[in-house]
Amino acid sequence: MNQVEPASLPPADLPGLNPSWSRLVAASDHSGRTCEWHLLDSFAQRSGEIPRLTLICVHGNPTWSYLWRRLVQLAPPDVRVVAVDQLEMGFSERTGLTRRLADRISDLSALTEKLGITGPVITVAHDWGGPISLGWALEHLTQLAGIVLLNTAVHQPVGVSAPALIRLVRSGPLLNLNTVRTPAFLRGTTALSGSKMSRQTAKAFRAPYATADRRVAIGAFVADIPLKADHPSAQALDLIAANMNKFEQVPMLLLWGPGDPVFSDHYLGDLMMRAPHADVHRYEGARHLVSEDDERVVPDLLRWVANLPDERRSTTNPNPVIARQPVRRTRLWDGLHEAAERTPSGTAIAQLAGSGRRVSWRRLADTVDRLAAGLYASGINPGERVALLIPPGADLIAVVYACWRIGAGVVIADAGLGIKGMRRAIRGAAPDHVIAITPGLALARTLRIPGVRLSVKGLAAIARIDAPMPPEPPESATAVIVFTSGATGPAKGVVYRQSQVAGTRDVLREHYAITPADAIVAAFAPWAVFGPTLGVGSAIPDMDVTKPRTLQAVALAEATQAVGGTLLWASPAALTNVIATAGDLTAEQVQSFNSLRLVLAAGAPVPLQLLEQVKELVPNADIRTPYGMTEVLPVSEVDLGEIRAAAGGNGVLVGRPVAGVEVMISALDEDGRPNGVLSAQSDVTGEICVKADHKRDSYDRLWATSQSASRDLGWHRTGDVGHLDPDGRLWVEGRLAHLIRTPQGPVTPVGIEQRVQQLPFVRWAAAVGIGPSGNQAVILIITSTDGTAAGLLDVKRTQLLRDQIPELDIAAVLVRDELPVDIRHNSKIDRQALSVWAAAILAGHR
């Protein structure tokens, strides 16, 4: 095959590629031979201008500089983007040479020298462009301002075999067949995209590789992957991996498509181990071509670049931020041990499922200490992550506190996420160890969790290990990675440090005046975990924790009796079924509710009628609905009396902020976007923003999400929409993701739904928009109280609904048997799914 061909310019009609960006540049290669490169250069038409910063972008195999077209397009005017086509690749020269890893690093260095690039430089690389860019970076440390890597590797992770796809492609005669003689490998790369890549874009990626002659380097690149120690490029790759510590002072960003069949999350974990300071963002749903699969990648990359410190900027801040002095809090396990000393035989945990189980304070305290020593001796170390696949109960609580005592963070992907959601959550959190019931261990094996894999049945043996207690961890140790409900997208991992969990505990204790005389009835089972640190007993009712609607009134009464419960926490779905089954209660069971002094209903908007019914069942209790989220709780609170008085407002009243919490609003513009300005002005609808010492630390491996939610120092942007009233009370009107963007401006759904649900034939309602953003029509979807058939609601009752919302043009009213809700709470309506469904129904599809 003729493997020699000069460099050329790409076709002028490739989508998204501006021909003015293209340049041909001649430079010496590693052998001293002059070779011509094709590259994209955002400064191609700006000769003589000096950029503030240069991004050197290196593609992998079998792509070319087209991969970086959006980066060239969107880069700020003072940032130069140089995206190269590696020699033998893209539209650069075909010289006929086989180039190894070390050769390509030298070739890139010669090119940047010819281009006069002297820094500051950020390298950006994908696939096998990663090692090449890192090799260049090691040789140019003084010029380096940052490193960005997308789905790449510098070493084979320990215990993980090479990707099956690469091993298959490389096997014997298949290498030449798949990579050179046919475009199978080339086509497979674009076909493996996690998005539906357009035919035109896929064709553009293949444009430089139309013939076998032009694909020779694709095969050579695959063959240059060092899978064995005696491979010609193994030494060069090992040297790069061994010297990753030289980047410890260099800002680094890892952008990852977790669905990549080649560079899986194992490779991400290896890079994070070598560069623990790196910022990380995983894009759920994205695969190998992460920047093609998720349109957020390039803007997020540029935001990271913009956030880097500018060495030329003055170090004097005219408006210095005065940092708050950290609050010293009691350790998370102190309340547990104090209760064990105070009432050793008292009930710490009452687990009502099955045959029932009671654990005393002394037994719990001793078990936690022995488990901490045993797990530490077994290889679970401070700073590591332990996935806990254990149902809520005494075993889970004991292991949580033992891990906290070690200083290990627990990953709790509760069953409320569903099996698919649990798999995705655990894979994303990348735990080092797992402790689980038998089905959980089976799940862990499929996820290749390394380290200790311990069955709950083996905890007794661990507790018998004669070992010293681990050193006491700092307050800054990661305590827990919990997950959002996934009601508006893939569940996000939320990281709390021990100090923040302790802060949440202290807010709960102070706000609810919790004393050792109290006891929690945790109908939302995860709240039982707070019992030991508060020093109060907890009861977990007999129910399916993945289905709050399964909570029966009798089960709740038995749990309340078991500990003399004074505090009840439950979701609206759970309370709805308690009311529905209250007729099964005996007189004695009804009396058991008299011990409750406080009922907290949270997780979703709670109808006033339901709260009134709960009050009838629990007459001695103060009925309240706290507002908060996985990222910070509680934020605010309102009691039944205020809810009664406020009926008819726009949205759901969630009350005044609790002590230590500030709430402000970022008003919506006409397109429904928050304007970024925080204000306490009343009756202005916008994104709810919260400031509190006990808010989450970050989102796990979601750098861009953390940045967006924390744009304002100390504040958390919730994604909820609402307003403050003249009395300083907060009203929630919905989610940003659920705004209906009409020609008249954004419309929030919750207020509409609350008013519609006042009609006697409406059980539940959801307001959604269909059509293009900015021109959406408002659609109502209801479930009925009288068995109305699914489909379009009849004309008469449709008009009654429209009369409830006279200020809006309701395009249609549809009836369903049920509304889709999240698994965890059985209460949060999936309005995005309903919007898609309604659009299909109204378009005539079944």
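Would you please calculate the Kirkwood hydrodynamic radius of the range 1-158 over all C-alpha pairs and express it in Å, rounded to one decimal?
Details: mean 1/r = 0.0637 Å⁻¹.
After inverting the mean inverse Cα-Cα distance, the result is 15.7 Å.
Post the alpha-carbon centroid distance, the range 58-121 to the range 563-594, in whole angstrom.
The two parts, judged by their Cα centres, are 67 Å apart.
Over the range 494-542, with a single point scatterer placed on each C-alpha, what log10 of the ratio I(q)/I(0) does the Debye formula yield at q = 0.19, 0.28 1/Å?
-0.62, -1.11
Could you work out [θ]222 nm for the chain from helices alone, using -39500 (n - 2.57) per DSSP H run of at least four and dividing by all its residues? Round to the nearest 500 deg cm²/dmol. Show your work: numbers first, answer last.
Details: 28 runs with 258 residues, N = 846.
Mean residue ellipticity, 222 nm, calculated: -8500 deg cm²/dmol.
Can you find, among Thr785, Val529, Ile449, the residue farthest towards the positive end of the dipole of the chain? Put +1 on the C-beta of Lys and Arg, -1 on that of Asp and Glu.
Most positive-ward Cα: Ile449.
Quick one: length gained pulling Arg23 to Gln681 fully straight, 0.36 nm per residue minus the C-alpha distance? Intermediate results must be reported in sequence, preceding the final value.
Values: separation 658, 0.36 × 658 = 236.88 nm, distance 5.38 nm.
Net length gain for the segment: 231.5 nm.
Label point 7 Å out from Lys246 along Cα-to-Cβ: which residues of the range 24-42 have amide N under 20 Å?
Within reach of a label on Lys246: 30.
Averaging over every viewing direction, what projected area does the convex hull of the Cα atoms of the range 743-793 cover, in nm²? Don't skip to the answer; put the middle values down first.
Numbers: hull surface 15.3 nm².
That works out to 3.8 nm², a quarter of the Cα hull's surface.
Just name one of Thr798, Ala833, Ile810: the one whose Cα is farthest towards the positive end of the charge dipole of the range 735-846 (beta-carbon charges, Lys/Arg +1, Asp/Glu -1).
Ala833
Return the Rg/Rh value of the chain, two decimal places, where both radii are evaluated on C-alpha atoms and Rh is the Kirkwood radius. Present the calculation step by step, with values, prior to reporting the outcome.
Details: Rg = 29.8 Å, Rh = 29.7 Å.
With Rg and the Kirkwood Rh in hand, the quotient comes to 1.00.
Per-residue counts of other Cβ atoms within 10 Å, averaged by peptide: what ranking do you get for 244-253, 762-771, highest first? Let's see the in-between values first.
Values: 244-253: 16.2, 762-771: 22.5.
Put in order of decreasing packing, that is 762-771, 244-253.
I'd like the orientation of helix 831-842 relative to the chain: the angle between its Cα long axis and the longest Cα principal axis, in ° from 0 to 90, rounded to 10.
80
Charges only on Cβ, +1 for Lys and Arg, -1 for Asp and Glu: so what's the dipole of the range 201-303 about the Cα centre, in debye to the nearest 20? Don't skip to the answer; put the middle values down first.
Numbers: 11 positive and 15 negative charges, 64 e Å.
Charge dipole of the range 201-303: 300 debye, to the nearest 20.
Any idea how many Lys pairs in the chain come in under 26 angstrom at the alpha carbon, given 8 or more places apart or on separate chains?
18
With Kirkwood's inverse mean 1/r over C-alpha pairs for Rh, give me the Rg to Rh ratio of the range 420-568, two decimals please. Provide the component values of the computation, followed by the final result.
On the way: Rg = 17.7 Å, Rh = 18.0 Å.
Rounded to two decimals, Rg over Rh is 0.98.
Determine the shape class of the range 424-500: with a ≥ b ≥ c the square roots of the Cα gyration tensor eigenvalues, call it rounded for a/c under 1.5, and otherwise prolate if a/b is greater than b/c, oblate otherwise.
Working: a/c = 2.54, a/b = 1.22, b/c = 2.09.
Because a/c hits 1.5 or more and a/b fails to exceed b/c, the range 424-500 counts as oblate.
With +1 on each Lys and Arg Cβ and -1 on each Asp and Glu Cβ, how big is the dipole of the chain about its Cα centre, in debye rounded to the nearest 20? Spell out each step's value before the answer.
Working: 83 positive and 83 negative charges, 320 e Å.
With only Lys, Arg, Asp and Glu charged at Cβ, the dipole is about 1540 debye.
For q values of 0.19 Å⁻¹, compute log₁₀ I(q)/I(0) with the Debye formula on a Cα-only model of the range 735-846, without solvent.
-0.99
Among 345-352, 199-206, 116-123, what's the highest-first ranking by average C-beta atoms within 10 angstrom per residue? Could the numbers behind the result be given before it?
Working: 345-352: 21.6, 199-206: 16.6, 116-123: 18.5.
Ranked by mean Cβ neighbours within 10 Å, highest first: 345-352, 116-123, 199-206.
With the Cα gyration tensor of the range 89-155 giving a ≥ b ≥ c as the square roots of its eigenvalues, does the rule (a/c under 1.5 for rounded; else a/b larger than b/c for prolate; else oblate) give rounded, prolate or oblate? It would help to have the intermediate numbers written out before the result.
Details: a/c = 1.86, a/b = 1.21, b/c = 1.53.
It is oblate, given that a/c is not under 1.5 and a/b is not larger than b/c.
Could you sort the peptides 213-223, 69-79 by per-residue average Cβ neighbour count (10 Å cutoff), highest mean leading?
On the way: 213-223: 21.4, 69-79: 17.5.
Ranked from most to least packed, the peptides come out as 213-223, 69-79.
Could you tell me which of rounded, prolate or oblate describes the range 120-236, using a ≥ b ≥ c as the square roots of the eigenvalues of the alpha-carbon gyration tensor, with rounded for a/c under 1.5 and, failing that, prolate when a/b is larger than b/c and oblate otherwise? The partial results should precede the final answer.
On the way: a/c = 1.82, a/b = 1.27, b/c = 1.43.
Here the range 120-236 falls in the oblate category.
Stretched out fully, how many nm does the piece from Asp803 to Asp213 gain, at 0.36 nm a residue minus the Cα gap? Display every interim value, and only then the final one.
On the way: separation 590, 0.36 × 590 = 212.40 nm, distance 7.13 nm.
Extending this stretch completely gives an extra 205.3 nm.
Here, each number is a calculation from the coordinates, and none is a lab measurement. Every value quoted in this text rests on a predicted model; they were computed, and no experiment measured them. Cβ: placed from backbone, ideal geometry, glycine included. Neighbour counts: every protein chain shown.
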